[in-house]
1. Springs between alpha-carbon pairs under 10 angstrom, Gaussian network model over chain A: which of A:Asp303, A:Asp46, A:Asp336 fluctuates most?
2. In whole percent, what relative contact order does chain B give with Cα contacts below 8 Å and a gap of six or more residues?
3. Quick one: among B:Ile334, B:Ile82, B:Ile190, which has the greatest mean-square fluctuation in a GNM of chain B with alpha-carbon springs under 10 angstrom?
4. So, R0 is 56 Å and r is the distance between the beta-carbons of B:Asp246 and B:Ser33; what FRET efficiency does that work out to, to 0.05?
5. Name the lysines eligible as straight-distance cross-link partners of A:Lys242: C-alpha to C-alpha under 24 Å, and not fewer than 8 places from it in the same chain.
6. From the square roots a ≥ b ≥ c of the eigenvalues of the alpha-carbon gyration tensor of region A:314-381, which class results: rounded (a/c under 1.5), prolate (a/b over b/c), or oblate?
7. Just to confirm my numbers, what's the Cα centroid distance between region A:260-283 and region A:16-80 in Å?
8. Lysines near B:Lys310 by alpha-carbon distance under 19 Å, same-chain residues fewer than 8 away left out - which ones?
Protein chains: 2
Amino acid sequence: MPFDSVNTVGLVHPEVAQFDEPLQLACGRTLSSYELVYETYGTLNDDRSNAVLICHALSGHHHAAGYHSEDDRKPGWWEQCIGPGKPIDTNRFFVVSLNNLGGCNGSTGPTSINPETGKVWGPDFPPVRVRDWVNSQARLADRLGIDCWAAIVGGSLGGMQAMRWALEYPDRLRHCVVIASALRLSAQNIAFNEVARQAIESDPAFADGHYQENNEVPTRGLGLARMVGHITYLSDDAMASKFGRDLRSGTLELGDEDQVEFQVQSYLRYQGNQFSGNFDANTYMLMTRALDYFDLAREYDDDAVKAFRKANCSFLVVSFTTDWRFSPARSREIVDALIAADKPVTYTNIDADEGHDAFLLPIPRYIDVFSAYMQRVAEGN
Amino acid sequence: MPFDSVNTVGLVHPEVAQFDEPLQLACGRTLSSYELVYETYGTLNDDRSNAVLICHALSGHHHAAGYHSEDDRKPGWWEQCIGPGKPIDTNRFFVVSLNNLGGCNGSTGPTSINPETGKVWGPDFPPVRVRDWVNSQARLADRLGIDCWAAIVGGSLGGMQAMRWALEYPDRLRHCVVIASALRLSAQNIAFNEVARQAIESDPAFADGHYQENNEVPTRGLGLARMVGHITYLSDDAMASKFGRDLRSGTLELGDEDQVEFQVQSYLRYQGNQFSGNFDANTYMLMTRALDYFDLAREYDDDAVKAFRKANCSFLVVSFTTDWRFSPARSREIVDALIAADKPVTYTNIDADEGHDAFLLPIPRYIDVFSAYMQRVAEGN
């Protein structure tokens, strides 16, 4: 067994919820039916007041904690923060983690069959916004009998969902935990996403998104997209200490330079290859667009204070010092707007070398602050 | 006429120098002959003591100032800094600007004919290091009768050439001007270059570099590479103030999201397209590798102080506050090593919003400091 059952939720099993009531999307189109795959950890208490929703980021999914089999080599993506005695303590909370609509890990998305055509949706799957995710998550809450979440928690794009919940369903959450996120992407962030999408579109195998019908996978384009993303999730310092200028092969002295490869090159290629074997290109396009288009305050006259006045919950906002993709300055904008809107907010900027990736890592002060806040949540404060 | 002749060197004409003495390259291979295309601005004085060499950056070339015809819409790439009354004052200096070996603007490189095969070199052109450029530039100096440069000036990759000159030919320059450069690239920088190269290699039209034989151009790959580069040359702030989240087309309200395009996306695509029509992919591979492999102190036991002890000139080092590709911290490493090596050095960190691109722009304090330093150079101090 790869795990010590004291420190993990252990074996978990995904479940599927089928929804047959049509879902009106922000783009104007309607999904007549859809499925959401999700996992739960811990036990829902009698008054159904201990439920925590996990919202995933760009390439995340429902499998946030535990193992799918005893042979599983890797646990869920947020094992560091979800489990017995961890910040989101499964001894106290009933945790729900789903794959978002439009995803490629089991929920209805571009790789699913369009019931109206009998063919895979592919690039014709409707564009999905953060608010559509929130609406579909609210239906999942209904299904599970959860009127009000103790907390909704998300990092990065997940934090955007948590904030949107606070505005759309202000009476359905008591706490909103927003980690390494932003009120909206900067031009630089949009630019990186655009490069990623162009890389995918440039891959001839992508075929305007119709690769599944051709039994092809745009692995090079998707790998490139991931490489760009990956560099931006790490800090310059983290890359320096992880790889420096170490060589994997070849020599920088006299010789054939075709053989020279830096460790960082090899690492990035590996990351790109791994990802392109496991993720769907149309989903990547869809998810990055949802990120780009998100703008919490747009319909509130571009005034985040006005937007947050609708909220009715307490907030924890966390940023990381070396995160340059969702920098501390972006989190401070959230905090400033919350304070001006007279909402209870706790903010911490965590010293961490790991850039945006820090939100997934067991950094002691981060874990401590997160645990302390969730303890307040558990105690109903 | 597009220019006011008071503020520019005006009409200029490239010249070609042919070299028939074999050049031994750092990789161990030898070029039996080669050509360098160059321009000169101003007049060489009688004692040949007022010559300034301009070393270009990644995608630069010999055309640094002035216009090639009266219809020319754009002047040379460093028109802001070279000309009458400008920092590199052509009333005082004789300026030499060349296209480096391996380039694609007229000097011998991957697009040239390999005399041994009668075919274009393409990907078989030997890899070129910064030291090879310096050696070929020294031969050009010999040809022009310049024993000792008043100054050698370069930004970014150009600054690396200037520093290498100071170590390889310590008695052939009096001043070394190193702008927005570094002793070596960081892992993050190498990573961005690797993404750029992968983008080019992933373009089927690239054909392992043999696109010229196929009469093809890997425009998509080269465009993508440029997009990645371009984002990293601008600061987050510069992109925010230049584009923000402004839309070029479509709407973020209800509607078809395929139509939504941010200004920054459109700008990047334009930049990518422009570049891929004007630059050679094999040259881009070669230039980025020269950048990655450069490491000033490698052969000096990785000790930059020991390296700089060989130098015999004065230094001006300039960085820009928002440059995150060649950050002020990298320039301070140069300055610290120069001070420890007991070399005369002037250092300034210029407040600028424009990121790495700032070195090409007319930022008043930058122009003032640069002008003042070059005045010292002109006065023989």
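The values are calculated or read from the model by the stated rules, or taken from the named source; none is laboratory data. If you're wondering where the values come from, they're calculated on a predicted model, not measured in any experiment. Ideal geometry is used to build each Cβ from the backbone, glycine not excepted, and the neighbour counts take in all protein chains shown. Ligands, DNA and RNA are excluded from the accessible area calculation, which covers all protein heavy atoms including side chains. Shrake-Rupley method; radii C 1.70, N 1.55, O 1.52, S 1.80 Å.
1. Looking only at A:Asp303, A:Asp46, A:Asp336, the biggest GNM fluctuation is shown by A:Asp46.
2. Values: 787 pairs, mean separation 64.7, N = 381.
Reported relative contact order: 17 percent.
3. Maximum fluctuation in the GNM of chain B, among the listed residues, is at B:Ile190.
4. On the way: r = 52 Å, r/R0 = 0.93.
The pair B:Asp246/B:Ser33 has a calculated efficiency of 0.60.
5. Once the sequence-local lysines are set aside, what remains near A:Lys242 is A:Lys74.
6. On the way: a/c = 3.09, a/b = 1.18, b/c = 2.62.
Since a/c reaches 1.5 but b/c is at least a/b, the shape of region A:314-381 is classed as oblate.
7. 26 Å
8. By straight Cα distance, B:Lys310 reaches B:Lys343.
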